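The values are calculated or read from the model by the stated rules, or taken from the named source; none is laboratory data. Note that the structure is predicted; figures quoted are calculated from it, not measured. Cβ placement follows ideal geometry from the backbone for every residue including glycine, while neighbour counts extend to all protein chains displayed.
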């Protein structure tokens, strides 16, 4: 799974029918979860995993995720993820995940920003003790960096939601990938038949907990929508979702 | 993955943190999905997969699932599933999935009843053409057979829900494992801290679709709850969930 110098890490998968959305592709929340999983696995393999950070009372926290794809991995086919660190300093690690289809052709990228916090003080932690373990790859990622997502102002529409038991993750916070699901659920099944997500950016701010009530606020046009999920005035996440029309062929074959 | 005569089929997994619930165990909906996935994979391997049934315009339909565990696979640990057919006839296939922990000790079982339908007529299909391919194992499964789940009558409590985009699966129906999630979400986070599911039975009746509004009806006592999910008077699923108190040690270590 690893090249000799461990700067890159690859995992091969098979996309089962049960893991697919209504368009018979990997769902975006599941893809995001796989990007998180491979980040975690590679970090552990090079000595900077959760278990290594815990020795200094540190923990990794996911700050931002960008995903951009030409097409999504498809039902009952293999796909692969290859990850490397593009940039690291004492404040954050910027990690790339390349997404390949069943023919090993590159179909997209994920870009994840990880920061560390001190779990006692809950303040940002200094990654200096771990920098020797992390060798950035020379490979560059062609997708754009994360955009600046500011307050969206007056939303076009607002939906209320109260977090349930199954939304909560092993850290007792709302699962990072659940926010992606709530955002996608603002659109209809037929919208996703006619359009696919071409790019998705999400930044994580304040954590939400069991039974918190949030507003999901959307604003934008057909192509680009900005979304904010907030409780009591505190923003939990901000996201930008870009849609592009599916080709006529792919719609007709449905 | 397979013994020589292919009557049994094994897959080894690693439970990532991102796949865990708030109790740092595999979530029940995800475990159910893994049971479905390994059933599908084994069926394909012995020549009775979806692709083989489709040659006769047949498709497998999941009719019932029972899951009973002493404990759940745990965070950041390997676990394994081993499946075999216990009983098969022209009307249905009854499949067992044994669940093993990181030490290869058996910690529970799944029992799944699969029927075939003719996708043109939507009527039950005769499995006779496939019976030669399916050799039931002589291994028996110690957990009880599926109970008869009748109408629950007047419920103790009712919750309304409208199905969203992300609830819909590759077949354009509500995902089988989503029903399990909605059922678990009737209880609080602290209920699951103090209790675990010891047995879960679910039967699938009428299919639900995007934007259908359903009632989730619950009735029972501390130990056993019967649940019905219904739309417009038609029952989509019936389930029975059994809880047992977690040991004092496991609660204290949280």
Flag for residue A:141 being crowded, with 19+ Cβ neighbours inside 10 Å, away from chain B (no Cβ under 14 Å) and in contact (Cβ under 8 Å) with a residue 60 or more places away in the chain: no
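Every residue, every condition in (1) at pLDDT 95 or above; (2) over 20 Å from residue A:143 (Cβ atoms); (3) surrounded by fewer than 17 Cβ atoms within 10 Å (Cβ to Cβ), yes or no:
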{"position": "A:29", "(1), (2), (3)": "yes, no, no"}
{"position": "A:32", "(1), (2), (3)": "yes, no, no"}
{"position": "A:35", "(1), (2), (3)": "yes, no, no"}
{"position": "A:42", "(1), (2), (3)": "yes, no, no"}
{"position": "A:46", "(1), (2), (3)": "yes, yes, no"}
{"position": "A:50", "(1), (2), (3)": "no, yes, yes"}
{"position": "A:59", "(1), (2), (3)": "no, yes, yes"}
{"position": "A:73", "(1), (2), (3)": "yes, no, no"}
Hits in region B:153-175 - residues which are modelled with pLDDT under 95 and either assigned to a helix (DSSP H, G or I) or more than 14 Å from chain A (Cβ to nearest Cβ) (or both): B:153
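Results for (1) away from chain B (no Cβ under 14 Å); (2) closer than 30 Å to residue A:228 by Cβ; (3) touching a strand residue (DSSP E or B) at 6+ places or on another chain (Cβ under 8 Å), shown as yes or no for each residue.
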residue: A:30; (1), (2), (3): no, yes, no
residue: A:45; (1), (2), (3): no, no, yes
residue: A:68; (1), (2), (3): yes, yes, yes
residue: A:93; (1), (2), (3): yes, yes, yes
residue: A:105; (1), (2), (3): yes, no, no
Some residue of region A:212-227 being closer than 23 Å to residue B:23 by Cα, within 13 Å of chain B (Cβ to nearest Cβ) and touching a helix residue (DSSP H, G or I) at 6+ places or on another chain (Cβ under 9 Å): no
Looking only at region B:1-13, and only at residues there that are in contact with a helix residue (DSSP H, G or I) (Cβ under 9 Å, 6 or more places away or on another chain) and at pLDDT 95 or above, the one that is surrounded by the most Cβ atoms within 10 Å (Cβ to Cβ): B:9
Condition met for residue A:196 (at pLDDT below 95 and either under 28 Å from residue B:193 (Cβ atoms) or within 14 Å of chain B (Cβ to nearest Cβ) (or both)): no
Test: residue in region B:241-254 that is within 12 Å of chain A (Cβ to nearest Cβ), surrounded by fewer than 20 Cβ atoms within 10 Å (Cβ to Cβ) and either within 19 Å of the chain's Cα centre (by Cα) or not in a helix (DSSP H, G or I) (or both): yes
When residues of region A:1-35 are limited to those that are assigned to a strand (DSSP E or B) and over 27 Å from residue A:240 (Cα atoms), the one farthest from the chain's Cα centre (by Cα): A:2
Checklist (1) assigned to a loop (DSSP other than H, G, I, E, B); (2) within 12 Å of another protein chain (Cβ to nearest Cβ); (3) under 19 Å from residue A:86 (Cβ atoms) applied to residue A:38, failing item: (1)
Unique residue being under 20 Å from the mean Cα position of the chain (by Cα) and in a loop (DSSP other than H, G, I, E, B) when the list is A:71, A:90: A:71
Filter pass, residue A:139 being assigned to a loop (DSSP other than H, G, I, E, B), more than 19 Å from residue A:203 (Cα to Cα) and out of contact with any strand residue (DSSP E or B) (no Cβ under 7 Å at 6 or more places or on another chain): no
Cβ pairs under 7 Å, 6+ apart, first in region A:14-25 and in contact (Cβ under 8 Å) with a residue 24 or more places away in the chain, second in a helix (DSSP H, G or I): A:16/B:37; A:16/B:40; A:17/B:40; A:22/A:189; A:22/A:192; A:23/A:192; A:23/A:193
Number of positions in region B:47-59 that are touching a strand residue (DSSP E or B) at 6+ places or on another chain (Cβ under 9 Å) and facing chain A (nearest Cβ under 10 Å): 2
